[in-house]
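Peer 1: After the structure tokens below, expect a handful of questions from me.
The values are calculated or read from the model by the stated rules, or taken from the named source; none is laboratory data. The structure presented is a predicted model; accordingly, all values stated were derived computationally and were not measured. A quick note on method: Cβ atoms are made from the backbone with ideal geometry, for glycine too, and the neighbour counts reach across all protein chains shown.
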Amino acid sequence: MRLLLVEDEKRMAQALAELLRQENYQVDTCGDGLLALEAAEGTLYDIIILDVMLPGMNGFEIAKNLRNQEIRTPILMLTAKSELDDTVMGLDSGADDYLTKPFMTKELLARLRALTRRSIHSSDGSLSFGDISLDVKTASLVCHATTQNIRLSEKEYRILEYFIANQGHILTREQLAVKIWGFDCEAEYNNVEVYLSFTRRKLGFVGAKTTIKAIRGIGYELRYENV
Ligand code: CA
């Protein structure tokens, strides 16, 4: 789970980053608004923790900017208690949730878990893309066009879930390894390839026109080509 922590108070940022790393988040920190925007545009994060008052560009503007670019990474905004109106503004600007400072770390972690769970599902709670959807209860892959379905292994399910959550983005082998296996090393890269081929076979089995396309030298993307 890759996380961008945007906070300009150095001590706070350090303490939070340490805590989040202990919780197995892969944390990048940033203390400047403009650099944070750049980082969020250039890297596929699973979640962004965004302070409001920042040098360069404030948190509201960053959130707005990202949403205008259709970047839907979940954002947890940190607002000061004295700025109650901030909360409304924060949510208006495209943040998914907010937390007022000072907060309990327990609460922060709970909010993060909730947000990353939510991010996987579309607004209606289903996991769909192109002509396919995932049935959470039976862990199966369904093709709407052919009405065929097939059971998925846990890894195959998580691979498709990850692709659907990041539709429109190319995912690297490294990202898949970290996300699905929790590691980023050579041995896991082979696993990624093997499981991608299993998953492709199942997409073929149900007759889906949704495919996992290899983008040479970069990674993989979920594509739907209705031809
Ligand atoms: Ca600040």
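Peer 1: I'm checking my understanding of the structure. Among residues of segment 94-107 that are away from the ligand (no atom under 16 Å from the Cβ) and of a type outside the set (Asp, Glu), which one is modelled with the lowest pLDDT?
Peer 2: Only one residue fits best here, namely 94.
Peer 1: Among the residues of segment 26-66, write down those that are in contact with a Leu (Cβ under 8 Å, 6 or more places away or on another chain) and touching a residue at least 40 places away in the same chain (Cβ under 8 Å).
Peer 2: Once the filter is applied, which keeps residues that are in contact with a Leu (Cβ under 8 Å, 6 or more places away or on another chain) and touching a residue at least 40 places away in the same chain (Cβ under 8 Å), segment 26-66 yields 26, 43, 44, 45, 46, 47, 48, 49, 50, 51, 59, 62.
Peer 1: Take residue 29 and tell me if it is in contact with a helix residue (DSSP H, G or I) (Cβ under 8 Å, 6 or more places away or on another chain), modelled with pLDDT of 95 or more, in a strand (DSSP E or B) and within 16 Å of the ligand (Cβ to nearest atom).
Peer 2: Judged against the criteria, residue 29 is a match.
Peer 1: Tell me, which residue of segment 1-18 that is touching a Leu at 6+ places or on another chain (Cβ under 8 Å) and over 20 Å from residue 61 (Cβ atoms) is farthest from the ligand (Cβ to nearest atom)?
Peer 2: 2
Peer 1: For segment 124-132, does any single residue satisfy the condition of being touching a Gly at 6+ places or on another chain (Cβ under 7 Å), part of a loop (DSSP other than H, G, I, E, B) and not aromatic (Phe, Trp, Tyr)?
Peer 2: no
Peer 1: With respect to residue 141, is the statement that it is in a helix (DSSP H, G or I) and either closer than 22 Å to residue 208 by Cα or of a type in the set (Val, Ile, Thr) (or both) true?
Peer 2: no
Peer 1: Continuing with the same structure: Search segment 33-80 for residues being in a strand (DSSP E or B) and within 14 Å of the ligand (Cβ to nearest atom), and hand back the single one that is modelled with the lowest pLDDT.
Peer 2: Looking at the filtered set, the residue picked out is 80.
Peer 1: Kindly check whether there is at least one residue in segment 81-90 that is in contact with an Asp or Glu (Cβ under 7 Å, 6 or more places away or on another chain) and either touching a residue at least 40 places away in the same chain (Cβ under 8 Å) or not in a strand (DSSP E or B) (or both).
Peer 2: no
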